[in-house]
1. Scan around residue 403 for amide H atoms under 5 Å from its own, H built in the peptide plane at 1.01 Å from N, and keep only partners 5 or more places away or cross-chain.
2. Using only the alpha carbons of region 74-163, determine the length spanned along each of the three principal axes and report them from longest to shortest in whole angstroms.
3. Simple spin-label model, 7 Å along Cα-to-Cβ: residue 101 to residue 114 in nm?
4. Kindly sort 39, 350, 59 by accessible area of their heavy atoms, largest first, with the probe set to 1.4 Å.
5. Determine which aspartates and glutamates satisfy two conditions relative to residue 82: a Cα distance under 13 Å, and not lying fewer than 8 residues away in the same chain.
6. So what J values fall out for region 270-275 if you push phi through Karplus, 6.51 cos²θ - 1.76 cosθ + 1.60 with θ = phi - 60°, rounded to Hz, Gly and Pro as x?
7. Against the 2.2 N^0.38 Å scaling, with N counting residues, where does region 18-104 land? I'd like the Cα-based Rg ratio to two decimal places.
8. So which aspartates and glutamates pass the test for residue 181, namely a Cα distance under 19 Å, with those fewer than 8 places away in the same chain ruled out?
Amino acid sequence: MTVRRTKIVATLGPASNSPEVLEQLILAGIDVARLNFSHGTPEEHKARARLVRELAAKHGRFVALLGDLQGPKIRIAKFIDKRIELHEGERFRFSVTHPRDAGTREVVGIDYPDLVKDCGVGDELLLDDGRVVMRVEATTADELHCVVLIGGPLSDNKGINRRGGGLTAPALTAKDKADIKLAAEMDLDYLAVSFPRDAADMDLARRLRDESGGSAWLVAKIERAEAVADDEALDGLIRASDAVMVARGDLGVEIGDAELVGIQKKIILHARRYNKVVITATQMMESMISSPMPTRAEVSDVANAVLDYTDAVMLSAESAAGAYPVEAVKAMARVCLGAERQPTSQKSSHRLGHTFSRCDESIALAAMFTANHFPGVKAIIALTESGFTPLIMSRIRSAVPIYAFCPSRETQARVAMFRGVYTVPFDPAEARSESVSQAAVDELLKRGLVETGDWVILTKGDSYHTIGGTNSMKLLHVGEALV
Ligand code: G6P
């Protein structure tokens, strides 16, 4: 049986909170559960996390937990009647002094005092992910006066973006800082930072994570126009992160949908080049919120990301609030497998023309070169402490599975996000057999993942448990006595 390489991130919410649905999601193949810190209390998140870990353990699966910080999404305040209807050509004002719960058809309050400073005449503002569009006609000390370009309903607390980006809210709010502590308490495996502007925002998040004793890998959500303005900005942000997310909702609003596909491809390419994990997100199976089957366009969207070699594809409302969460995971899994059968998903040009900077990186890439060119190779065993060696391996396109043999709970969960990498709990120091190689291959034999006559690649270092210590690669012939 071919095992899916592309990983699935599913957001948990009201539609997937019950133990029954969660268990079905895990059986359907989710690899990462996303907890959205924009909704819910710390107790609710803790209960969900506990349940995911319990159910995954029950089924012998490894499911990483990703916390997603709310971030400084700029929102309008509330309306007296909860919702208004705007028409093209009408005048409307945003006010930093207007009462927060008393919006009308003419004016609404806004919690972002710098809005007036950040915006000028002629700017376009996009409300509710671009469903309503306005142009700034005039500014006063505390108000923006606009004209409606595209009308529609507008309700309490909808988000606001500026076309082209450039609203200056700092990435980490007081709530985010508290949630970084919560993430550490919960031992989360990944933590996503919303709306980072640059590397400095990620550095701050990393410092706060360290101070709170957390070990979550940090995911930069790429969703501001500034973050993709040029290669320098994008690469700076990628290098300061452990993983990135192509957060297409706000990004699409800020840069326009026409630019989105090209930028998505670039983010995936650059993330992989810098040895980072990449998640493609937003509306991938959107119609499955209310339909048991995806549209052809959605199938094509998921497949496109898989062909570009994203590590993971993500479900948001589909699994959090939709009517068909389990069907959405199954559909995504099926589409991933189909796209992975395409030759472009399996062939690699192996960073030809590049130099490598580290010994372990060189060994990992040599292993992939061998795996992809010696047809007898059926599996790769990477003995790993932090997950770094299999991470490097999985930056290379291949059809050969990479088994991360690792002793710690953190690494066992973390590698669940890496494309083509599967967890095998294993401590080389405790290998009872006469050799670690034999014990490792026996583990694959026991699981039915290889058979006599297959070749297996194994990488390791000179000592057990040394991060960055990988310095050798062995080619092992299954069935022969191994030393
Ligand atoms: C295991 C092996 C070591 C190797 C290490 C690499 O612990 O026993 O020999 O040095 O993995 O870990 P890394 O985190 O760099 O992939």
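The values are calculated or read from the model by the stated rules, or taken from the named source; none is laboratory data. Note that the coordinates shown come from a computational prediction; the quantities given were computed from them, not determined experimentally. Note that we place each Cβ from the backbone using ideal geometry, even for glycine, and neighbour counts take in every protein chain shown. Just so you know, the surface numbers come from the protein's heavy atoms only, side chains and all, with ligands and any DNA or RNA stripped out. Shrake-Rupley method; radii C 1.70, N 1.55, O 1.52, S 1.80 Å.
1. 380, 381, 382, 422
2. So the extents along the principal axes, rounded to whole Å, are 29, 25, 20.
3. According to this spin-label approximation, the distance is 2.9 nm.
4. 39, 59, 350
5. Straight-distance partners of residue 82: 101, 156.
6. 5, 4, 5, 4, 8, 6
7. Numbers: Rg = 20.4 Å, N = 87, 2.2 N^0.38 = 12.0 Å.
Scaled against compact globular proteins, the figure is 1.70.
8. 43, 44, 68, 189, 201, 203, 210, 211, 242, 410
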